[in-house]
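Chemist: Have a look at this one.
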Amino acid sequence: MAHETTTGSSPIVKTLMLDLQAAMPESQREKLEVYWDQADATKPEGDFHRARECLRWAVRVAEMPEHSHLSHLSIHLKETYKAWQDIVFGTEFGSRVEAGAGPEGHDITGKQKVGPGEDIEILWVGEAVSVAKTAAERSGWDQVPWEQLVKDVLAIH
């Protein structure tokens, strides 16, 4: 689903980067800085997959043995993912009306596209950052594979 104008950058990537930056100590923010140019160059296409990767990452981290104190979050995230997955599917299906430009969204004005589900996707990004922050509070940011999440999300086109 595309959420911004086709010339804008990905709101999912920007949310992830800004939320991580706000949650991290200065030493980790310096590592994050190297990804900003790549983040700014992203496009909204692929955002659903990026957001889903954030949620899957959060589940994987919560299930890691070194973060066993987060196991309750893993169960919650899986339940949340299933519920939102059903909502997104239903919303996407219902949004495909005759005036639309296809499965990516509807023509609104010029090149601007909107699609259902962006709020849900932003929540998934927030869940990933919340898990990262909670894991880091106990184990330290060096034990949280946040950098792999950023790389994986940026690799999705």
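Values quoted throughout were computed directly from the atomic coordinates according to the rules given, and no laboratory measurement underlies them. Just so you know, these numbers come straight off a predicted model, no measurement behind them. Virtual Cβ from ideal backbone geometry, glycine too; neighbours counted across all protein chains shown.
Chemist: Return the distance in nm (one decimal) between the two label points of a simple spin-label model at ARG60 and LEU18, each offset 7 Å from Cα along Cα→Cβ.
Modeler: Here the modelled spin labels are 2.6 nm apart.
Chemist: Still on this structure, please answer the following. Would you mind ranking THR42, THR134 so that the residue whose beta carbon has the fewest other beta carbons within 10 Å leads the list?
Modeler: Fewest-to-most ranking of THR42, THR134: THR134, THR42.
Chemist: Label the range 21-61 by shape, choosing from rounded, prolate and oblate, from the square roots a ≥ b ≥ c of the eigenvalues of the Cα gyration tensor; if a/c is under 1.5 it is rounded, and otherwise prolate applies when a/b is larger than b/c, oblate when it is not.
Modeler: Verdict is oblate for the range 21-61.
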